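Participant: The structure follows.
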Amino acid sequence: MNHPSALTMVRRGAAAGIICCVLALPGGCTFPRKKMPPRDQEIADVLRLPQDIAPSAGAAGERLALDNDCQTNLLDEFRRRYFAPWTNAAPHYDPAETKELMKNTARGRWYGGNRRLMAPEMMRDLLHNCALESFPSRNETAISVAPAHLRGLPTRLPLFTSKDSYPFDMLQYPNVKLNEPLRVLHASLDGAWLFVESAYSAGWLEAREVALADRGFIDSWMERPQVVIIRDYATVADPRSGIAHRAKIGTILPLAAAGDGWWEAVVAVAGEERRAVSSVARLPREAAAPFPLAFDGANLALIGNQLLGQPYGWGEMYGLRDCSAMLRDYFLPFGIWLPRTATDQIASAGKQRDLTSLGPREKEETIRQEGLPFLTLLYKPGHIMLYIGTDPQGRPLVFHNIWSIRLKDAAGERPQLIGKAVITTLEAGKELGLAERGTLLEQGAALATITDRCTEAPAPGRRQP
């Protein structure tokens, strides 16, 4: 057999747009394959279904309409709960339970960010810094002067239940938005942290993120009309301090003035002795809207499509969102209140429909018959979803931010990461071989519709954070 010369091979390679090294291998020239960029595996639902809120919101049509009485009830409930840290005279959460929770957490067995067991001495130091012998030692109204994260103990260090349980930091509580009402209940021994209540949770904030708010400040803040941020991570720059913040969707600010293409909103900053004083920030018109936003298809798509595809953030880690945080922020611009956790959110909607005794097809039919698109929550233990309608085959569709699903193969069960906000059916990932009873449909435990609570919003009660 005649072999082409090296020169012939180089010429052929060059003619094909390929450069090869004829001396690389004794057997001749190896033509390199074009490297393709790596691509994460996507579940079939994400590839098949339009990742766009608009079609479902458009199809819902008149089913989205809220009557005037319902809108009024929902907004009244929202204002009562949102401003509760300023209007309640006493702590909302039980101080004794809160104190015991911190003790038990500090005495637990945890892994750190280095995947090693946390040293007992470090945990003792954290507990000592909580100064729990005098907890709670304060009862003062306040406001957040920066977006911040509530923490279970006064530290930024994460605590994981195992060396492989990232990102589930057990000290990561929800994000506090810029200029949220707070109540200060305690200070750490070193003074660097304050234990506060927000409208939906309680935990430690760094003291520099908090300013005390007196009655005159609070009254002027609550009496003004308000605007709400509708462009995620909008820049809110305070000319007085020269500090700019990135405000998430759902950030509420008092309105100072409106002009052609802009809003002026009041922002709180820390003045002397960490007392809150007002300043004014100018925002582009498209960054905010009068609060509350109209609950209609166009606005549901505007807010929802900004949240779609966003990475998952446990406890709003890195300023992102998990399943319950995403739904809370989704409804917040509309003046509709949702609490912090998936369990509390499904309970807050009023009447619950128990799905646990139904088979998969019965569950689907129940959801189709009883669900209201964009108003019905679906719950499985540890996860909350929003029903948004059906696909062309009549299967229920949900909008949710999900970390992973469980697959089963020859080696056993393993997680398949999704890690973002998506639109899926309730059998997401079924084509990959889910673990036994692994579909969202099979695990679905309850259905509840937010408007069921229109007639009588539940009164706030004291509970554990």
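Participant: Could you grab me the full set of residues in region 310-330 that are farther than 19 Å from D169 by Cα, surrounded by fewer than 24 Cβ atoms within 10 Å (Cβ to Cβ) and aromatic (F, W, Y)?
Facilitator: Listed by number, the list is empty, since nothing qualifies.
Participant: Give region 268-294 a look and list any residue that's aliphatic (A, V, I, L, M), in a strand (DSSP E or B) and more than 15 Å from I249 (Cβ to Cβ), or say none.
Facilitator: Once the filter is applied, which keeps residues that are aliphatic (A, V, I, L, M), in a strand (DSSP E or B) and more than 15 Å from I249 (Cβ to Cβ), region 268-294 yields A268, V269, A270, A276, V277, V280, A281.
Participant: Limited to region 111-138, what total is found for residues that are open to solvent by 80 Å² or more (accessible area, probe 1.4 Å), touching a Lys or Arg at 6+ places or on another chain (Cβ under 9 Å) and either in contact (Cβ under 8 Å) with a residue 40 or more places away in the chain or under 26 Å from D219 (Cβ atoms) (or both)?
Facilitator: Number satisfying all stated conditions: 2.
Participant: I would also like to ask the following. Kindly evaluate G203 against the criterion of being of a type outside the set (A, V, I, L, M), free of Cβ contacts under 8 Å to residues at least 24 places away in the same chain and over 27 Å from R282 (Cα atoms).
Facilitator: no
Participant: Is it true that A265 is over 25 Å from D67 (Cα atoms), open to solvent by 20 Å² or more (accessible area, probe 1.4 Å) and not in a loop (DSSP other than H, G, I, E, B)?
Facilitator: For A265, the condition - over 25 Å from D67 (Cα atoms), open to solvent by 20 Å² or more (accessible area, probe 1.4 Å) and not in a loop (DSSP other than H, G, I, E, B) - is not met.
Participant: Just one of A119, A142 is at pLDDT 95 or above, out of contact with any Asp or Glu (no Cβ under 8 Å at 6 or more places or on another chain) and within 19 Å of V277 (Cβ to Cβ); which is it?
Facilitator: A142
Participant: Taking the stated definitions as given, is V236 among the aliphatic types (A, V, I, L, M), within 16 Å of A146 (Cβ to Cβ) and buried (at least 17 other Cβ atoms within 10 Å of the Cβ)?
Facilitator: Spelling it out, V236 is indeed among the aliphatic types (A, V, I, L, M), within 16 Å of A146 (Cβ to Cβ) and buried (at least 17 other Cβ atoms within 10 Å of the Cβ).
Participant: Give the residues of region 240-260 that are at pLDDT 95 or above and not in a strand (DSSP E or B), sorted by residue number.
Facilitator: Residues satisfying the conditions are K248, I249, G250, T251.
Participant: Same structure, new question: Name the pairs: first residue in region 216-228 and farther than 14 Å from L255 by Cα, second residue open to solvent by less than 20 Å² (accessible area, probe 1.4 Å) and in a helix (DSSP H, G or I), Cβ to Cβ under 9 Å, at least 6 apart or on different chains?
Facilitator: I218/W86
Participant: Additional query: Working carefully through the options P85, P91, find the one that is touching a residue at least 40 places away in the same chain (Cβ under 8 Å), open to solvent by less than 40 Å² (accessible area, probe 1.4 Å) and either on the phi > 0 side of the Ramachandran plot or not in a helix (DSSP H, G or I) (or both).
Facilitator: P91
Participant: If you take the residues in region 203-226 that are farther than 20 Å from R246 by Cβ, outside any loop (DSSP other than H, G, I, E, B) and touching a Phe, Trp or Tyr at 6+ places or on another chain (Cβ under 8 Å), which one is most open to solvent (accessible area, probe 1.4 Å)?
Facilitator: That would be M222.
Participant: Now, a different point. Please enumerate the residues belonging to region 147-202 that are part of a strand (DSSP E or B) and closer than 18 Å to T87 by Cβ.
Facilitator: Within region 147-202, V176, P181, L182, R183, V184, L185, V196, E197, A202 qualify.
Participant: Any chance you could count how many residues in region 384-404 are polar (S, T, N, Q) and either farther than 15 Å from E427 by Cα or open to solvent by less than 10 Å² (accessible area, probe 1.4 Å) (or both)?
Facilitator: 1
Participant: When only residues in region 175-202 that are among the charged types (D, E, K, R) and under 27 Å from C323 (Cα atoms) count, which is surrounded by the most Cβ atoms within 10 Å (Cβ to Cβ)?
Facilitator: The residue in question is R183.
Participant: I would also like to ask the following. Anything in region 54-82 that is out of contact with any strand residue (DSSP E or B) (no Cβ under 7 Å at 6 or more places or on another chain), open to solvent by 30 Å² or more (accessible area, probe 1.4 Å), modelled with pLDDT of 95 or more and among the aliphatic types (A, V, I, L, M)? List them, or say none.
Facilitator: If the condition is that a residue be out of contact with any strand residue (DSSP E or B) (no Cβ under 7 Å at 6 or more places or on another chain), open to solvent by 30 Å² or more (accessible area, probe 1.4 Å), modelled with pLDDT of 95 or more and among the aliphatic types (A, V, I, L, M), then A54, L75 are the ones that fit.
The values are calculated or read from the model by the stated rules, or taken from the named source; none is laboratory data. Owing to the predicted nature of the structure, the values given are computational and were not obtained by experimental measurement. Note that we place each Cβ from the backbone using ideal geometry, even for glycine, and neighbour counts take in every protein chain shown. Only protein heavy atoms, including side chains, enter the accessible area calculation; ligands, DNA and RNA are left aside. Shrake-Rupley method; radii C 1.70, N 1.55, O 1.52, S 1.80 Å.
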